[in-house]
Amino acid sequence: MLFKQQALLRQKLFVLGSLAIGSLLYLVARVGSLDRLQPLCPIDGRFGPRGQDEIPLRALQFKRGLLHEFRKGNATKEQIRLHNLVQQLPKAIIIGVRKGGTRALLEMLNLHPAVVKASQEIHFFDNDENYAKGIEWYRKKMPFSYPHQITIEKSPAYFITEEVPERIYKMNSSIKLLIIVREPTTRAISDYTQVLEGKERKNKTYYKFEKLAIDSNTCEVNTKYKAVRTSIYTKHLERWLKYFPIEQFHIVDGDRLITEPLPELQLVEKFLNLPPRISQYNLYFNVTRGFYCLRFNIVFNKCLAGSKGRIHPEVDTSVITKLRKFFHPFNQKFYQITGRTFNWP
Ligand code: A3P
């Protein structure tokens with residue numbers, strides 16, 4: 001009898017204990033989420049006045065909790081009005097470079113309470129069909145945010161697409177432009193690896209990188225190969241400079257963002273006139289992944305998808321040397337224009 005009573009008591013204690021731990025975890029998450037829902041660092045006015053016509057009535061995406069997840073379609077008109085949520089055009093765009101670390105940069109900047117990311121690549125300015133839909137279509141693709149927050153979009157194709165600088169200029173001539181670059185040969189191989197993986201997924205064969213990067217007739221670097229052309233950063237930047245002064249660009253070191261992300265993010269915070277809010281706490285190195293991952297609070301953290309950080313195929317060293325020699329003068333020009341020097345070979 002006594003034994004039965006003791007077992008019952010233990011069971012009750014177990015249930016009570018579980019409830020207490022559950023509530024505690026819920027509170028931690030909830031406090032974090034409420035914290036984020038407050039305008040933590042008012043920066044009104046830094047980016048000019050916002051539009052007055054923005055009462056979003058469709059699906060809601062808003063920053064919820066430190067997980068930075070956007071919940072869709074679950075807000076009432078009342079909630080939108082109460083929180084004064086709006087869909088704002090981006091005040092800053094990550095325009096490239098493809099495989100430079102654009103996703104990592106966007107996700108890491110989204111750790112900042114005053115930043116809201118557009119999760120998808122919108123491809124508004126580089127895609128004629130999308131562009132023809134007009135600026136309101138673009139704005140409606142943006143996440144909901146508080147007026148004091150800034151929206152950031154990333155579409156790496158913008159950097160290399162002819163028409164884009166003029167189109168962005170027409171939308172906002174004082175927009176801030178972020179370009180994340182990596183050592184050009186590594187970036188080209190990363191670009192190739194992505195395409196190769198796509199082919200393999202479809203059970204297709206593909207050329208070796210060496211065959212694509214080197215013209216077999218001349219034995220010179222094949223400048224018709226897109227992965228090579230994209231890495232000639234200065235050529236693309238020069239087109240942008242016809243519309244925007246260099247002060248409106250910030251160059252992010254994509255190689256450093258991999259090994260030491262915080263100082264790179266702090267430079268971006270400064271460029272965007274944001275108070276420094278991203279800290280070492282928000283970034284932790286995940287040994288299994290081999291990359292830094294994001295920590296929002298003690299409960300929520302995440303790493304980038306497995307498609308980021310692929311293993312590159314071995315490339316013939318003579319081809320690497322040839323490519324590096326080819327990129328060298330373009331890199332020098334890039335350093336000169338941007339005022340940022342890298343230790344690229
Ligand atoms: P690799 O796959 O060549 O390693 P993008 O987002 O522009 O496509 O860039 C992808 C690159 O981001 C990856 O290239 C990877 O090296 C880099 N990267 C930078 N920081 C990362 C991070 N924290 N997690 C995963 N990948 C990261």
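Every number here is computed from the coordinates shown, using simple stated rules; none is lab data. The shown structure was predicted, so the numbers you read here are calculated from the model rather than taken from an experiment. All Cβ positions, glycine included, derive from the backbone under ideal geometry; neighbour counts span all protein chains shown.
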Worksheet entry | Full-extension gain in nm, Q266 to A305, via 0.36 nm per residue minus C-alpha separation | 11.7 nm
Worksheet, complete the sentence: Of the listed links K140/K242; K77/K302; K226/K325, those spanning more than 20 angstrom between alpha carbons are K140/K242; K77/K302
Practice prompt. For the stretch 83-338, state the semi-axes of the equivalent ellipsoid (square roots of 5 times the eigenvalues of the alpha-carbon gyration tensor), sorted largest first and rounded to whole angstrom.
Written response: 31, 23, 18
Fill in: Alpha carbon convex hull of the stretch 152-299, projected area averaged over orientations, nm²
12.2
Fill in: Under 11 Å, Cβ to Cβ, from R182 - net charge with Lys/Arg +1 and Asp/Glu -1
0
Worksheet item: For the stretch 207-285, what number results from the quotient of the Cα radius of gyration and 2.2 N^0.38 Å?
Response: 1.57
